[in-house]
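Structure record follows, encoded as structure tokens.
Bear in mind that the values in this text are calculations on the coordinates, not laboratory data. Being a predicted model, the structure only gives us computed values, none of them experimental. Positions of Cβ are backbone-derived with ideal geometry, glycine not excepted, and every protein chain shown enters the neighbour counts.
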């Protein structure tokens with residue numbers, strides 16, 4: 001019986017927000033033991049909630065991400081109950097450590113000696129400020145694979161700039177190409193695709209580096225400039241811009257190759273999307289619509305002709321879809337081989353039979369959030385079962401990490417407690433819980 | 001040695017997702033043999049084209065996704081070409097295919113058939129809805145993955161149609177996840193001799209990884225709250241795109257960042273307003289707060305270029321960035337200083353500006369031109 005590829009690999013997760021935590025989630029799924037290290041004295045916003053302990057009147061004011069707690073109740077340990085944390089925390093061991101103290105740095109380096117991989121996505125100078133720069137880490141453990149995920153890269157004139165994914169993808173061109181064709185960018189919501197894109201690439205990079213380490217015996221430093229990784233997901237637009245100067249202005253839901261759109265369906269805020277890739281798709285759509293007379297127009301016999309007349313065609317499609325349920329259009333077109341699909345809100349996803357049949361929602365117990373269903377692994381395979389383990393709570397694995405992994409004696413562990421490293425929540429500057 | 005040297009990958013069925021997955025192998029040193037039908041991969045006929053001139057070797061979609069690969073033409077409808085493919089698979093570690101479920105098996109090239117010639121094979125199937133389940137035979141597209149799998153219904157403004165992301169980002173993400181899953185399975189095969197069939201679906205990648213979808217799904221399960229269109233727009237604190245003198249900037253303001261904003265714009269009235277709020281926090285959740293911010297922020301922004309606004313705000317650690325189009329990004333000094341764009345010479349097309357590495361390691365990444373259709377057919381088949 002085969003085992004997971006990262007069985008026996010230990011990963012230190014020194015990450016914030018989304019991209020870094022999602023790299024280590026993938027590594028955990030693939031069998032690694034992931035040890036997440038939280039500093040109880042520093043609350044990183046958008047990682048375990050927007051603020052450590054939101055006041056009750058703040059919950060609704062902070063919008064959907066501000067209220068993302070079970071039953072909208074932050075409870076006693078809000079940082080262990082927020083959706084942003086639970087969505088990437090499965091199976092991770094959770095330890096606490098104050099890296100700003102010299103004793104914390106020593107404990108961290110002791111953990112580094114026992115680990116194979118370190119993943120971090122803090123601002124580009126954080127490791128250096130904390131005295132745990134890659135050179136120092138490699139002195140303690142030359143086999144360590146270090147993955148850094150600087151949003152704009154480790155160098156370049158704007159490398160140290162601050163922001164969330166939305167800031168950097170706006171800077172790099174991703175936001176400008178998304179939007180309604182006829183209105184200003186200020187009318188659309190931000191794009192947040194940089195972090196999830198970096199998650200999959202980061203885990204790929206670590207796997208590749210571990211494979212090479214097995215051959216060469218040495219670790220290395222990987223730098224993953226998150227926004228450049230994301231720009232590759234729009235590659236043809238940059239090749240085009242460089243070649244022709246085309247700014248690649250937003251096209252709404254339209255496309256240069258496909259005749260497509262999100263069309264209204266019967267009901268309140270119900271939509272169905274349709275993509276016509278070819279003459280065959282077009283013929284199938286028209287047949288499903290009952291071969292209406294307008295469709296016999298000579299201009300519509302080629303994709304180029306149809307794309308040139310999309311305004312006109314869209315009116316016909318829209319009046320057809322508006323009179324039918326999105327499910328009718330979805331299944332009828334798919335039965336004829338045409339890409340079509342309802343636009344799903346969260347409830348729709350939870351009710352979809354294909355999602356259920358493929359096991360794409362799975363329960364996990366979370367130490368302080370209860371048992372709920374989560375989006376499952378991102379792929380299926382016939383290999384060894386990907387790991388799917390309960391979610392721990394902040395600091396709950398301190399004893400395991402400090403005593404069993406690092407090897408502290410009881411007296412040394414007590415000293416780490418006394419020095420403020422070992423707690424199960426966030427602290428105010430005076431040492432009281434927030 | 002290059003990062004993924006020594007791995008031979010065969011790509012079948014083309015498309016963006018499968019091509020991007022194997023590009024991640026090719027650019028890091030694996031040998032990727034792309035099998036194309038006689039008319040070429042479908043992406044060879046996708047706009048945009050280099051120089052806006054159509055041609056089978058000029059599609060930017062094709063060139064971007066197939067750097068460093070070999071192109072071998074096989075007509076899998078022919079028995080003899082299927083035989084050649086089997087011989088080739090026997091020499092490879094990985095096959096990435098993007099046909100509909102059941103197509104390979106109908107040619108006698110299904111997972112079991114391929115295992116007969118290569119018992120440690122990783123076969124990765126990239127499809128719209130996966131290998132089984134009620135929608136297994138359904139077709140997909142960027143719009144379907146993002147609309148049905150992803151959070152599209154929440155994007156855009158409430159009075160208009162929901163909005164997709166630009167281009168084919170969800171399809172690329174599917175390829176990105178496929179690359180990860182494939183490499184994971186390959187490590188199992190390489191180290192333990194165990195083969196694997198990997199099943200990656202664009203719809204499921206949409207459910208599990210884009211944008212804010214996962215958080216919102218978990219949030220819904222937690223408390224029944226759905227995300228509405230434009231939810232993340234508006235509110236008291238600015239969040240989104242705001243106008244500067246020559247374009248737009250991306251702004252997000254949290255309460256923690258308020259002092260940085262005030263230090264940046266130095267507007268006495270806005271500063272005075274927030275001194276009042278600091279003394280009496282109950283004043284914060286009022287429309288007057290938004291008005292006080294707008295009254296200070298808009299004039300400041302509009303009297304600066306987007307680049308100046310970004311640089312000055314960042315000096316005060318207020319996260320503001322300029323919003324740029326790809327055409328502006330090509331010439332942006334940051335990416336120029338980093339050497340992100342690479343000119344690659346194509347004898348028949350001319351110089352093409354390609355993009356750099358998604359991650360950097362010593363002796364890791366390199367870029368070589370995408371192949372002309374069938375450029376390596378004779379050499380590769382001749383070596384069998």
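Some points to look at:
- With both residues required to sit in the protein assembly as shown, DSSP beta bridges show an antiparallel share near 45%.
- In degrees, nearest ten, helix B:287-302 long axis to first principal axis of chain B (Cα): 70
- The alpha-carbon positions of chain A define a convex hull whose volume is 187 Å³ per residue.
- Label zone at residue A:266 (point 7 Å along Cα-to-Cβ), backbone N below 20 Å, the range A:319-339: A:319-336
- Inter-label distance, residue A:128 to residue A:256: 3.9 nm, where each label sits 7 Å from its Cα along the C-beta direction.
- Under 18 Å from the residue A:249 label point (7 Å along Cα→beta-carbon), backbone N, the range B:161-184: B:166-167
- DSSP-defined antiparallel bridges as percent of all bridges, chain B, nearest 5: 40
- Computed from the C-beta positions of residue B:53 and residue B:286 and an R0 of 60 Å, the FRET efficiency is 0.55 to the nearest 0.05.
- Within the range A:191-254, the proportion of C-alpha pairs whose separation exceeds 19 Å stands at 51%.
- Note on residue B:276 and residue A:430: with the Förster distance fixed at 30 Å, the Cβ-Cβ geometry gives a FRET efficiency of about 0.65.
- Taken along the Cα-to-beta-carbon direction at a fixed 7 Å, the label points for residue A:215 and residue A:136 span 3.3 nm.
- The calculated 222 nm mean residue ellipticity attributable to helices in chain A amounts to -9500 deg cm²/dmol, summing -39500 (n - 2.57) over DSSP H runs of n ≥ 4 and dividing by all residues.
- Note on the range A:259-345: semi-axes of the ellipsoid equivalent to its C-alpha gyration tensor, largest first and rounded to whole Å, are 21, 13, 12.
- Helices in chain B, meaning DSSP H runs of at least 4 residues, each add -39500 (n - 2.57). Divided by all residues, the mean residue ellipticity at 222 nm is -11000 deg cm²/dmol.
- Mean projected area of the Cα convex hull of chain B, taken over all directions, amounts to 23.6 nm².
- Here, the range B:226-384 is characterised by an Rg to Rh ratio of 1.22, where Rg is the alpha-carbon radius of gyration and Rh the Kirkwood radius.
- Between 0 and 90°, nearest 10: helix A:194-216 axis offset from chain A longest Cα axis: 60
- Average partner coverage of A:392-405, which counts Cβ from other chains inside 10 Å: 0
- Between residue B:383 and residue A:348, the C-beta separation translates, for a Förster distance of 41 Å, into a calculated FRET efficiency of about 0.20.
- Pairwise Cα distances in the range B:239-324 exceed 16 Å in 49 percent of cases.
- Residue order, fewest to most surrounding Cβ atoms within 10 angstrom, among A:139, B:372: A:139, B:372
- Using alpha carbons only: equivalent-ellipsoid semi-axes of the range A:229-287, gyration tensor based, whole Å: 29, 16, 10
- Taking other C-beta atoms within 10 Å as the exposure proxy, B:177, B:53 rank B:53, B:177 from fewest upward.
- For the peptide A:152-162, the mean number of other protein chain Cβ atoms found within 10 angstrom of a residue's Cβ is 6.
- Angle between chain B longest axis and helix B:79-90 axis [Cα atoms, degrees, rounded to 10]: 70
- Here the simple spin-label model places points 7 Å from the Cα toward Cβ, and for residue B:158 and residue B:39 these points are separated by 4.7 nm.
- Rounded, prolate or oblate (a/c below 1.5 giving rounded, otherwise prolate when a/b exceeds b/c) for the protein assembly as shown by Cα gyration tensor: oblate
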